[in-house]
1. Which of the residues spanning segment 190-202 are in a loop (DSSP other than H, G, I, E, B) and under 13 Å from the mean Cα position of the chain (by Cα)?
2. Can you spot a residue in segment 235-247 that is assigned to a helix (DSSP H, G or I), closer than 18 Å to residue 161 by Cα and aromatic (Phe, Trp, Tyr)?
3. Of all residues being basic (Lys, Arg) and modelled with pLDDT of 95 or more in segment 207-245, which is nearest to residue 174 (Cα to Cα)? Just the residue, please.
4. Show the residue pairs meeting these rules: Cβ distance below 7 Å; 6+ apart or different chains; first residue within segment 221-232 and on the phi > 0 side of the Ramachandran plot; second residue in a strand (DSSP E or B) and at pLDDT below 95.
5. Only residues that are at pLDDT 95 or above and either under 16 Å from the mean Cα position of the chain (by Cα) or of a type in the set (Val, Ile, Thr) (or both): list them for segment 94-128, please.
6. Among (1) assigned to a strand (DSSP E or B); (2) more than 24 Å from residue 99 (Cα to Cα), which single condition is residue 205 missing?
7. Restricting attention to helices (runs of 4 or more DSSP H) lying wholly within segment 1-116, give those where 2 or more residues are buried (at least 21 other Cβ atoms within 10 Å of the Cβ).
8. Taking segment 142-158, which residues are among the charged types (D, E, K, R) and in contact with a strand residue (DSSP E or B) (Cβ under 8 Å, 6 or more places away or on another chain)?
Amino acid sequence: MSVAPREAMKPLLDIKELEAGYGKLQILQAVALHAAEGEVLGIIGANGAGKTTVLKAVMNMVDVMAGEIHFRGMKLNEKPWYKIAQLGIAFVPQKREIFAPLTVRENLEVGSYRVRRKKAEIKRNLDKALEFFPHLTGKLGVRGGVLSGGEQKMLSIARGLMGSPELLLLDEPSLGLAPALAESLFDNIACITRQHPTLKATVIVEQNAFLALGIANRAYVLEGGKVVLSGPSEDLLANEHVKAAYLSA
């Protein structure tokens, strides 16, 4: 995705002074970030920094204690997760969470709930998902539970695309994958961000900073539940703190 000039950007996702966590355990502290139309946004940081909590807060899957979350100007706070999904936000969790007894095709069809009455659109979305992940084409009749970890990751992302999303939230897509497979998956993700017909922006939470910064336009660095750095990916790649903390061999 190319980045439009700052003044031309339209806010798609806007998070202001977000404080969130689990019960009485507060994880995020005054987190502010945004994703504009046309952007791939990265959120990097160590394990436990609060990256996943940001995405779950967008979907109202954690306790939001303060702050506001807007999508296309609409306030998401207090909306149930399924209503948020129906607005055009697809969340792909790090644990894949596919339906093991269902076939690959059935898993993909479950993802089309947002456009369930539009058969032509479902067909287009299925064809497009298989174009991004051609390996799944020969697996449509296979139960999800017998797929390899990499295949399940492909399926979970493909399922997220079936509902014609405008915003795609990817939580640790490289988690549990061998380095070569993770790089290949990020090549697929890069193609999706450029070519998917309905997608306006993508937010990638990732512990592997090399992979995230390699395809993101901008990124935020989270440490201890706070944003400590942000900027264009090329600037963060050159930042001494980022290099020492996240990019050293």
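1. 199, 200 - these are the residues of segment 190-202 that are in a loop (DSSP other than H, G, I, E, B) and under 13 Å from the mean Cα position of the chain (by Cα).
2. no
3. Ranking the candidates gives 218 first.
4. Hits for this filter: zero, empty list.
5. 103, 104
6. (2) is the only condition that residue 205 fails.
7. 51-58, 104-110
8. 143
The values are calculated or read from the model by the stated rules, or taken from the named source; none is laboratory data. None of the values given here were measured: they were computed from a predicted structure. Cβ sites come from the backbone with ideal geometry, for glycine too, and all protein chains shown count toward neighbours. All accessible areas refer to the heavy atoms of the entire protein, side chains included, with ligands and DNA or RNA removed. Shrake-Rupley method; radii C 1.70, N 1.55, O 1.52, S 1.80 Å.
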